1. Pairs under 6 Å by beta carbon, first residue touching a residue at least 60 places away in the same chain (Cβ under 8 Å) and aliphatic (A, V, I, L, M) in the stretch 58-73, partner buried (at least 16 other Cβ atoms within 10 Å of the Cβ) and part of a strand (DSSP E or B), six or more apart or different chains?
2. Determine which member of the set Thr42, Thr86 is touching a helix residue (DSSP H, G or I) at 6+ places or on another chain (Cβ under 6 Å) and either closer than 25 Å to Ser188 by Cβ or basic (Lys, Arg) (or both).
3. Counting only residues that are farther than 23 Å from Ala201 by Cα, touching a strand residue (DSSP E or B) at 6+ places or on another chain (Cβ under 8 Å) and open to solvent by less than 60 Å² (accessible area, probe 1.4 Å), how many does the stretch 30-47 have?
4. Look through Arg265, Arg255 and report the one residue that is open to solvent by less than 20 Å² (accessible area, probe 1.4 Å) and farther than 23 Å from Arg23 by Cα.
5. Evaluate the stretch 141-148: report whether one residue or more is part of a strand (DSSP E or B) and either on the phi > 0 side of the Ramachandran plot or not β-branched (Val, Ile, Thr) (or both).
6. Taking the stretch 156-179 on its own, how many of its residues are of a type outside the set (D, E, K, R), out of contact with any Asp or Glu (no Cβ under 8 Å at 6 or more places or on another chain) and open to solvent by less than 60 Å² (accessible area, probe 1.4 Å)?
Amino acid sequence: MQLSDFDFDLPESLIATRPAEPRSSARLLVAKDGEITDGVVTDLVDLLQPGDRLVLNDTKVIPARLSGYRVRQGPEGETQSRMEVTLLEPRAGGAWAALIKPLRKIREGEEIVFAAGLKGTLLSKEDGQGLVQFDLEGDDFDAALEAAGNMPLPPYIAAKRAADEKDKTDYQTVWAKHSGAVAAPTASLHFDDALLAALKAKGVQFTHVTLHVGAGTFLPVKVENVKEHKMHAEWGRVTETAAAEIAATKAAGGRVIPVGTTALRLIESAARDSGTIQPWEGNTDIFIYPGFAFNVADALMTNFHLPKSTLMMLVSALLGQDEIRKVYDHAVKEGYRFFSYGDASLLIP
C-alpha cells in the first residue's frame, strides 16, 4: 500500500470553517451494500434500529491555544516578544508539552506571560516542542486556561480564520465530560439534545468511552510505504461498565456503532489482545489500515477526512478502498462539506 492510494482532489471551497446550525441539520451520506444515499443527520432516527449501540467519546477539549509574550532581561532592560503556545499533553508536576511559535526566540528559563494571571516558564526544548511549567495548577490552572485560552482549531480552519468565543461551544460535544483533548471528536459535534432524546425513544442505546484526542491527529503521513508510518499515542479508557454494555449488545445481535474514528480506535484497542471488548486504560497507538480485522465495530459514523491521512486509511479498512473512493467521489461531486466542521457519513460494511 502506497500513500498515493489514499489521495483525492478536494476543492478548497468544500473545507468547512463553521458548523451547520443547528448541529443535527448537517448532511449525512449513507454508504451501505454498495449503495450511497444522501440525507441529514436527523435521519439517524430512521436509519438506526432498536438495540443498536452508539459509542460516544466523552473527552472534553481544553482551550489549549494561548497568546502571550516572552519577558527577557537584558542590558537595555526588559524586552518582550509575542508568543503563541498550543498545549499538547500534560507532564509530571504540572508541566505541559507544547508547540511554541517562534520557539527560536525563547530560551530555557525564560517566562511567558498570558492573560488571566497565567504565566509559564520554558523548562526545555526537544523535537521542535517546548516543555512549559505553569505557575498555577489544579482548579486555578483550569480557570485561568478557560479565561486566557482559545479553542485549538485544526490547521485547515485556523489558516482561514482565528478562533473566537463561538468555537468554545461549537468545537465541543454536548456530552463532553473529561478534560484533556486538544482536538474534538468531530463526528460527535453533529449531535444535540433533541437528537439524543429521539434516538433514545427509538431504542438506540449509548455507551461513553474516553479518548483524549491529541494534536498528532493532524500530523501528515510522511512515508510512501503506509506500513512504515508510526502513529502518535493517545490516552484512553474503556470502563468495566462500558465494556459490559458493548459486549451485551454484541451478544444480543445488535450493532455497535462508534461515533467518530477516536471511539472506534479506542474500542478496537480494548479488543486487541483477546478479540473481544475488555475494560482497558492506557496509551494507544493503534494504526488501522486496509487488512485490519475489526473485532467490535459494526459500522461507523464519521466526518470526511483529509487526503493521504491515517483516517482515510481507517475508513478504507472498514468499507474497502474501492467503496471509499466511490463515497468520496460522490461527496465531492455533491458538495458535501469536509473536515472537522463539515458534514457526516454513516459507513455500514
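The values are calculated or read from the model by the stated rules, or taken from the named source; none is laboratory data. Fair warning: this is a prediction, and the values are worked out from it, not measured in the lab. Cβ placement follows ideal geometry from the backbone for every residue including glycine, while neighbour counts extend to all protein chains displayed. These area figures cover heavy atoms from the full protein model, side chains too; ligands, DNA and RNA do not enter into them. Shrake-Rupley method; radii C 1.70, N 1.55, O 1.52, S 1.80 Å.
1. That search, which allows pairs on different chains as well, returns Val61/Ala181; Ala64/Thr86; Ala64/Leu87; Leu66/Val85.
2. Details: Thr86 fails: touching a helix residue (DSSP H, G or I) at 6+ places or on another chain (Cβ under 6 Å).
It is Thr42.
3. 2
4. Numbers: Arg255 fails: open to solvent by less than 20 Å² (accessible area, probe 1.4 Å).
Of Arg265, Arg255, the one residue that is open to solvent by less than 20 Å² (accessible area, probe 1.4 Å) and farther than 23 Å from Arg23 by Cα is Arg265.
5. Filtering the stretch 141-148 down to residues part of a strand (DSSP E or B) leaves none.
Within the stretch 141-148 (the criterion being part of a strand (DSSP E or B) and either on the phi > 0 side of the Ramachandran plot or not β-branched (Val, Ile, Thr) (or both)), the answer is no, since none of the residues qualifies.
6. Applying the first criterion (of a type outside the set (D, E, K, R)) to the stretch 156-179 yields 156-159, 162-163, 169, 171-176, 178-179.
This time we only want the ones that are out of contact with any Asp or Glu (no Cβ under 8 Å at 6 or more places or on another chain), so: 156-159, 162-163, 169, 171-172.
Retained after the next criterion (residues that are open to solvent by less than 60 Å² (accessible area, probe 1.4 Å)): 156-158, 163, 171-172.
Adding up the residues that qualify gives 6.
Residues are listed down the side, and each one gets a yes or a no for (1) touching a residue at least 24 places away in the same chain (Cβ under 8 Å); (2) more than 29 Å from Arg107 (Cβ to Cβ); (3) among the small types (Gly, Ala, Ser):
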residue: Gln133; (1), (2), (3): yes, no, no
residue: Gly138; (1), (2), (3): no, no, yes
residue: Asp142; (1), (2), (3): yes, no, no
residue: Ala148; (1), (2), (3): yes, no, yes
residue: Ile157; (1), (2), (3): yes, yes, no
residue: Arg161; (1), (2), (3): yes, yes, no
residue: Lys168; (1), (2), (3): yes, yes, no
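This table checks each residue for (1) surrounded by 15 or more Cβ atoms within 10 Å (Cβ to Cβ); (2) closer than 30 Å to Thr261 by Cα; (3) β-branched (Val, Ile, Thr).
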site	(1), (2), (3)
Leu54	yes, yes, no
Asn57	yes, yes, no
Leu66	yes, yes, no
Arg70	yes, no, no
Gln73	no, no, no
Thr79	no, no, yes
Ala95	yes, yes, no
Ile106	yes, no, yes
Gly109	no, no, no
